[in-house]
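Enquirer: I'd like to ask you about the structure that follows.
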Amino acid sequence: MAKARKDFKEELKWNVKDLYLSEDDYEKDYQYIKDRLKEYEKYQGHILDNENVLYEVLDFDSQVGKILEKIYVYAHINNDSDTTDVKYQAMFGKAYQLYEEYNEVTSFIIPEILKGEYELILEYIDKNPKLKDYERVLKNIFRMKKYVLSDKEEKILSSLSTTFSTPDQVYSYLTDADMKFGTIKDGNGKKQELNERTYHEFIESNDRVVRKQAFTKLFSTYGEFKNTYASLLASEVNNHNKVAQIRGYENARVASLYGNEIPVSIYDRLITTVRKNVAPLSRFWKLKKKALGVRTLHLYDTYTALTSTSTKKYTEKEAEELLYQALNVLGEDYVHDLKQAFQERWIDFCPNDGKRGGAYCTACYSAHPYVLLSYNGTLEDVSTLAHELGHAMHYYYAIKNQSYQDYGYSIFVAEVASQVNQILLSKYLLKNTNDREEKKYLLDHLIRDFKATIYRQTMFADFENTIHEAQQNGEVLTHEYLCNTYYKLNQEYMGKNIVVDDLVKYEWERIPHFYMDFYVYQYATAYAAAIKIAMDILNGKIRARENYLEFLGLGATKTPIDSLKVAGVDMTKEETLNEAFAYFEDLILELEELYKN
């Protein structure tokens, strides 16, 4: 049973005082920013009057942005620590409203800058060298010029942001709060509540009856709401398509990828290459069927481990020491910097009642990154900690090396550092054990990670692209169309030696990332990049480690594609994806050898 947050030691909680020593200090900053938002009005219509005014408004906005970020992070991490605390619910609500107000009062800035020509901006930079600090920002603004609307139109779109987010909000309330999945019997015959959190436990059970029950009950329940979910997703897709059309993009996918400076060819190449490499996954299913001792392998069998999961528990201190050892391959400086996360309490370990589920890392330029997870001492928890600390170190080096306006790296590279850490941890554990069952478990874990990230996320990306194109071409996104499309993709991506159960056709209803337009493909590309980086480092490739550490400090100063090239990864080449599949086949071969003897 979960404990109250007050029952946990302070050293297991993140140190929010690195943001604000007291809530009074927070309130002072909140009011200070609320008052300063009124000052934006004086710049409207004058931004391009001369080079000094341009610098003044950019610098003013940067100062406001830093403090606003600090306010928002403080409010949301306090709220996530215990979502039942009404005080922090209200604090977060106010911080969110302040962000919305900021977005609205600043909506004129970019359209107004774009009334001039870039040659004028270059002239201003020559006259006022301090503008050089904002050169990347200004260059990127002009890169978007043909898709930016008038001041009035931008203000209208900004004011409609809450309306556009309605499908996502309704989806969240329906899925996280209103949906009830009833109960199932656990391995001991006791009735247990089934929900999205417990489903993960049941679907990984070594009891096949429990797995099948959970799968059947969860997806049957989603099936009862198929019309509602179809309406929500169709509305979300329509929002993406309409906004892209209004701005003048070819389609919603181009709009999303252009904003992140990613060529559409990257997306297409990912789908094509994964589709060509389904055979290794089919080979794994054959091995899994034999290892589990079942005549037919079903989708609900794929999440359970081949062998009994490790029962070893790691204290927070033991996890810390293990990570230092596993990540030592990144060098003494990296480990030294990593120690700050533990010594300065960047991490919130407490699995307290009311804490936000899952795990994440967030950052604040004025302080340091913050990591949230509910730590229970399992090897899976240690792996999650490694993952989130990968994000933290990426943020830490970007903050250390870049200005506020340049530290926020692209979503496209966001999952690279986290996956590098997880791969290095698993490889370290494999190298340092002679226990055959543990080796089987670790290899199976790596293989399932690959399946979940490369195959599954690419399948999601394929589905997302298919339904956006279909609606743009006049297709009505009924539940029947969505279910049939999703089921067919499962058959194609899961390959042979597995039964694709009919109920999986409803799975699209429970994927929150379909409300984050064209996001999921980046999990797959980042994982492929992480594999190459990690293996180059482990194999002692010249300057692999140094290049990777340089990459971590780049922030937004290079395009995502060029940033990864610094780390030795070229995502424009199919070879990078093929190397990932070669790595995958090596894992399967190593596992097959363990089952031969």
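Coordinate-derived values only; no laboratory data. Small disclaimer: the values here were computed from a predicted structure and weren't measured. Ideal geometry is used to build each Cβ from the backbone, glycine not excepted, and the neighbour counts take in all protein chains shown.
Enquirer: Using just the Cα positions, wrap the range 7-159 in a convex hull and report its mean projected area in square nanometres, one decimal place. Kindly include the intermediate steps, with their values, before the conclusion.
Expert: Values: hull surface 44.4 nm².
Convex hull of Cα atoms, orientation-averaged projection: 11.1 nm².
Enquirer: DSSP loop chymotrypsin sites (Phe, Trp or Tyr not before Pro) in the range 102-199 with at most 13 other Cβ atoms within 10 Å of their Cβ, which ones?
Expert: Loop-located and lightly packed - none at all.
Enquirer: Obtain the nm distance between the two label points defined at Asn434 and Asp502 by a simple spin-label model: each point lies 7 Å from its Cα along the Cα-to-C-beta direction.
Expert: 5.3 nm
Enquirer: Here is the link list: Lys180/Lys212; Lys94/Lys155; Lys190/Lys496; Lys431/Lys541. Which ones come out longer than 30 Å on Cα distance? Display every interim value, and only then the final one.
Expert: Numbers: Lys180/Lys212 18 Å; Lys94/Lys155 21 Å; Lys190/Lys496 35 Å; Lys431/Lys541 19 Å.
Pairs exceeding the cut-off: Lys190/Lys496.
Enquirer: So if each residue of separation counts as 0.36 nm, and I subtract the Cα-Cα distance between Asn103 and Leu12, what length gain in nm does that give?
Expert: Contour length minus Cα-Cα distance gives 29.2 nm.
Enquirer: Here's a follow-up. Going down the list Lys339/Lys439; Lys355/Lys440; Lys532/Lys565; Lys115/Lys139, which pairs span over 23 Å between their C-alpha atoms? If you can, show how the numbers build up before the last one.
Expert: On the way: Lys339/Lys439 28 Å; Lys355/Lys440 33 Å; Lys532/Lys565 11 Å; Lys115/Lys139 14 Å.
Checking Cα-Cα distances, Lys339/Lys439; Lys355/Lys440 exceed 23 Å.
Enquirer: Against the empirical 2.2 N^0.38 Å scaling, what ratio does the C-alpha Rg of the range 122-173 come to? Mind showing how you got there, number by number?
Expert: Values: Rg = 17.2 Å, N = 52, 2.2 N^0.38 = 9.9 Å.
My calculation over the Cα atoms of the range 122-173 gives 1.74.
Enquirer: Run the helix sum for the chain: -39,500 (n - 2.57) per DSSP H stretch of 4+ residues, divided by residue count, reported at 222 nm to the nearest 500 deg cm²/dmol.
Expert: Working: 27 runs with 362 residues, N = 597.
The per-residue figure over the chain is -19500 deg cm²/dmol.
Enquirer: Taking Rh as the Kirkwood radius, which is the inverse of the mean 1/r over Cα pairs, what is the Rg/Rh value for the range 77-168? If you can, show how the numbers build up before the last one.
Expert: On the way: Rg = 18.2 Å, Rh = 16.0 Å.
A ratio of 1.14.
Enquirer: Lys/Arg Cβ at +1, Asp/Glu Cβ at -1, dipole of the range 7-159 taken about the Cα centre: which of Ile47, Ala90, Tyr72 is farthest positive-ward?
Expert: Ile47
Enquirer: Can you work out the PRE-style zone for Asn260? Point 7 Å along Cα to Cβ, and I want the residues of the range 559-597 with backbone N under 13 Å.
Expert: Only 560-561 pass the distance filter.
Enquirer: Can you report the principal axis dimensions of the range 1-67 using only the alpha carbons, biggest first, rounded to whole angstrom?
Expert: 62, 22, 19
Enquirer: Between Rg and the Kirkwood Rh of the range 319-370, both from Cα atoms, what is the Rg to Rh ratio?
Expert: Numbers: Rg = 13.0 Å, Rh = 12.7 Å.
Taking Rh as the inverse mean 1/r over Cα pairs, Rg/Rh reads 1.02.
Enquirer: If I take R0 = 30 Å and measure r between the Cβ atoms of Lys152 and Tyr96 in this structure, what FRET efficiency does the formula 1/(1 + (r/R0)^6) give, to the nearest 0.05? Before the final figure, lay out the partial values.
Expert: Working: r = 25 Å, r/R0 = 0.84.
It comes out at approximately 0.75.
Enquirer: Please report Rg over Rh for the range 177-224, where both radii come from the alpha carbon positions and Rh follows the Kirkwood definition.
Expert: On the way: Rg = 9.9 Å, Rh = 10.6 Å.
Looking at the range 177-224, the ratio lands at 0.94.
Enquirer: At 0.36 nm per residue, minus the direct Cα-Cα distance, what do Gln63 and Thr572 gain on full extension? Give it in nm, one decimal, please. Each step should come with its number before you reach the end.
Expert: Details: separation 509, 0.36 × 509 = 183.24 nm, distance 3.68 nm.
179.6 nm is the gain from fully extending Gln63 to Thr572.
Enquirer: Follow-up question, since we're still on this one. Take the alpha carbon atoms of the range 186-266, find their radius of gyration, then divide it by 2.2 N^0.38 Å using N residues; give the quotient.
Expert: Numbers: Rg = 20.0 Å, N = 81, 2.2 N^0.38 = 11.7 Å.
After normalising by residue count via 2.2 N^0.38 Å, the value is 1.72.
Enquirer: Charges only on Cβ, +1 for Lys and Arg, -1 for Asp and Glu: so what's the dipole of the chain about the Cα centre, in debye to the nearest 20?
Expert: On the way: 76 positive and 93 negative charges, 420 e Å.
Approximately 2020 debye in magnitude.
Enquirer: Per 10 Å bin from zero, what fraction in whole % of the C-alpha pairs of the chain is there, up to the bin with the longest pair?
Expert: Pair shares across the bins are 3, 15, 25, 29, 20, 7, 2, 0.
Enquirer: I'd like the Karplus ³J(HN,Hα) series for the range 331-342: coefficients 6.51, -1.76, 1.60, θ = phi - 60°, whole numbers in Hz, and an x wherever there's a Gly or Pro.
Expert: x, 5, 5, 4, 5, 4, 5, 4, 4, 4, 4, 8
Enquirer: So what is log10(I(q)/I(0)) for the range 133-261 at q = 0.14, 0.16 1/Å, when the Debye sum runs over its Cα atoms only?
Expert: After summing over all Cα pairs, the log10 values are -0.78, -0.87.
Enquirer: Mind checking the angle between helix 226-247 and the chain's longest principal axis? C-alpha axes, 0 to 90 degrees, to the nearest 10.
Expert: The two axes meet at around 40 degrees.
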